[in-house]
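One structure is given below, encoded as structure tokens.
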């Protein structure tokens, strides 16, 4: 019984990590009031870039860099279109996802069903071997810890630093921030690029750690779940963590219950995380006042400096 | 250097020239990508965009692929005009197909004159009903329709998988995830005897025509446009936003369901796990490329139908993956969004700033 519980906790941590990485990136993007719906596409690009580089070079670290680069490249395209050329953010985000799907499928065609090096698991002599605490705390791949660390850094950055204050100001009142002399567009570029890097990393976590292989469309909607997570958390980093565990648990449990052989059709269990996402979104969104209170006021609105 | 100057008013010329510029840019960029992959760029692009039209039966195949894209693109045009971001048409397409397909399987002996109109109704009701869940979640609970409609699209796909691997699976189908073939009566009239040209192919441009009239000439169309362009004005004018959201979702979902119904009854003849090659997402590009205008959606739907045929042609003739369909579609949407900047801006050439003291 204990073993099952420990296994469950560890598995939920693993399932939550790609969601947490991607959602942390999107949180910063949305705090700067940009809505990038292309997370799914950037994750797919990160997943294939990471997997391909790991397979070709044998280095998972180069692979992570490649995944970050792939995510950033796609997010740069998003930034140029929406921030410089003022294109519609919703449409551009969708374009990212459509393109990312096609591109990763084309590049990935040669990588289906083959192996690549996986991210190593942490092994601290003594600590990892501890009962209970070992497997629950000290046995993961580095991205699990990186995700938590980056989230903590982002929380600190947004709440405690001057630069974080400027970012939030741009998200809430870009005209005033502009008048005060802050470079609205430049800062939004940086936020979008950070979001791309995190989505790329999240994709690599999927293809190098969570299910270490490449399969077409392997992100399976996690990019969209990450977007839902940001709304769920009402743009607050701590709640992002709770949400990632909750959604990770839903994703893992649907797999776990399938493995138990319960007499419920597999397709229903597979659909559960998506249904759960809808339910959670509904529960969160119905409180309009709370959403309005926390939502970056300029979210999705274009900015153009006049004169 | 080049710089962008805001125009005083949107340029109607560029609003229609931008898709053409985008198409030209897309051909150039995809040619460059093919060259980079070590493929002859001109041959690959012409194989992709032109050879399908010259092949025997090419135009027929084009019409069959374009019909669902046009129907869904028309619905999305109306919805997006009203700022109702239904991006789950893939799910509504599937539900329309399920509703119609299940009916066809349950009534194998019904005469075509009764069955076929019933299937049309079932398709529309299935798609619209599924879309109205999204409308209800938005108007009642304030839930973002982009995310809910997309999540429901995943759920629809799993529902389809459940049905064709479970209760609706063809008992004589050797375990393949598909239903039995529908009765002949379910496929409706053919435009040309023996061809694949089903009734939906005539209906798609008619739908576009009706939507064009609704959008431009009726109060409903006016209200949808005002809601999209000036939501505050719509509120002051007393238009019910909730009612318009429901209407926009019902129309776009109903048309997606209709498209799904024709796809399974008219083209595929059965339900299976892959009834849609991503039509629902491609229809979003169709809508934007067609300027969110029902009139523009018709040529845009034909062009994107061509990208599916082009992917197949590139796979068969050049040994490329048909995933290039998705890449081409993505690049096309990128280029379109980029060239749309010219609608509201002028591109001017200026000498590098020699700032004169004023």
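Taking chain B as a Gaussian network of alpha-carbon nodes connected by springs under 10 Å, the highest mean-square fluctuation of the residues B:162, B:141, B:281 belongs to B:141.
Taking every alpha-carbon pair in segment A:130-185 and binning the separations at 5 Å intervals from zero gives 4, 18, 16, 13, 12, 10, 8, 6, 6, 4, 2, 1 percent.
Note on segment B:30-170: Cα-only Rg and Dmax are 19.7, 56 Å. Gyration tensor analysis over the Cα atoms of segment A:1-136 returns equivalent ellipsoid semi-axes of 33, 20, 13 Å (largest first, whole Å).
Quick one: among A:128, A:97, A:231, which has the greatest mean-square fluctuation in a GNM of chain A with alpha-carbon springs under 10 angstrom? Of A:128, A:97, A:231, the most mobile in the Gaussian network model is A:128.
With Cα atoms defining each centre, segment B:169-223 and segment B:284-319 are spaced 18 Å apart in the structure.
Quick one: what does P(r) look like for the protein assembly as shown with 10 Å bins over all Cα pairs, in whole %? Histogramming the protein assembly as shown at 10 Å steps yields 3, 15, 25, 27, 19, 8, 2, 0, 0 percent. Sorted from largest to smallest, which semi-axis lengths in Å does the alpha carbon gyration tensor of segment A:74-141 give for its equivalent ellipsoid, taking the root of 5 times each eigenvalue? Square roots of five times the eigenvalues give 41, 20, 9 Å.
Helix B:324-339 and the long axis of chain B differ in direction by around 40°, with both axes built from C-alpha atoms.
Full extension of the segment from residue B:232 to residue B:350, taken as 0.36 nm per residue of separation minus the current Cα-Cα distance, would add 38.6 nm.
Rg and Dmax, both from the Cα atoms of chain A and both in Å, are 19.4, 68. Taking the C-alpha atoms only, the angle from helix B:279-289 to the longest principal axis of chain B is near 30 degrees. Dimensions of segment B:221-358 from C-alpha coordinates, computed as largest minus smallest value along each principal axis and given longest first, are 74, 52, 22 Å. Structural size metrics of segment A:219-280, computed from C-alpha coordinates, are Rg and Dmax of 12.4, 39 Å. Pairs of Cα atoms in segment B:277-343 fall into 5 Å distance bins, from 0 up to the last occupied one, in shares of 4, 18, 26, 23, 15, 9, 4, 1 percent. Within the listed set B:100, B:248, B:35, the Gaussian network model of chain B (springs between alpha-carbon atoms below 10 Å) gives the highest mean-square fluctuation for B:35.
Roughly how far apart, in whole Å, are the Cα centres of segment B:109-123 and segment A:63-136? So the separation of the two Cα centres works out to 47 Å.
Kirkwood hydrodynamic radius, computed over distinct alpha-carbon pairs, for segment B:217-302: how many Å, to one decimal? This gives a value of 14.9 Å.
Over segment A:38-82, what is the relative contact order in percent, taking alpha-carbon pairs closer than 8 angstrom and at least six residues apart? Mind showing how you got there, number by number?
Values: 37 pairs, mean separation 17.7, N = 45.
It rounds to 39 percent for segment A:38-82.
A convex hull fitted around the alpha carbon atoms of chain B yields 176 Å³ per residue. Computed over segment A:2-294, relative contact order equals 35 percent, with contacts defined as Cα pairs under 8 Å that lie 6+ residues apart.
Cα extents for segment B:1-43 along the principal axes, largest to smallest and rounded to whole angstrom: 46, 26, 10.
The angle between the Cα long axis of helix A:162-172 and the main principal axis of chain A comes to about 70°, on a 0 to 90 degree scale.
Quickly estimate the mean residue ellipticity at 222 nm for chain A, helices only: each DSSP H run with n ≥ 4 gives -39500 (n - 2.57), and the total goes over all residues, rounded to 500. Show your work: numbers first, answer last.
On the way: 13 runs with 214 residues, N = 307.
Value at 222 nm, helices only: -23000 deg cm²/dmol.
Based on C-alpha pairs under 8 angstrom that are at least 6 apart in sequence, segment B:2-349 has a relative contact order of 37 percent.
Given the protein assembly as shown, what percent of its DSSP beta bridges are antiparallel, to the nearest 5?
Numbers: 7 of 8 bridges.
Percentage antiparallel, nearest 5: 90.
Volume per residue for segment A:186-307 equals 142 cubic angstrom (convex hull of Cα atoms). Working from label points 7 Å from Cα in the Cα-to-Cβ sense, the residue A:211 to residue B:193 distance is 5.0 nm.
Shape annotation for segment B:1-107: C-alpha extents along the principal axes are 67, 43, 24 Å, from largest to smallest.
Read the figures in this text as sums done on the coordinates, not as results from a lab. These numbers were taken from a predicted model, which means no experiment stands behind them. Ideal geometry is used to build each Cβ from the backbone, glycine not excepted, and the neighbour counts take in all protein chains shown.
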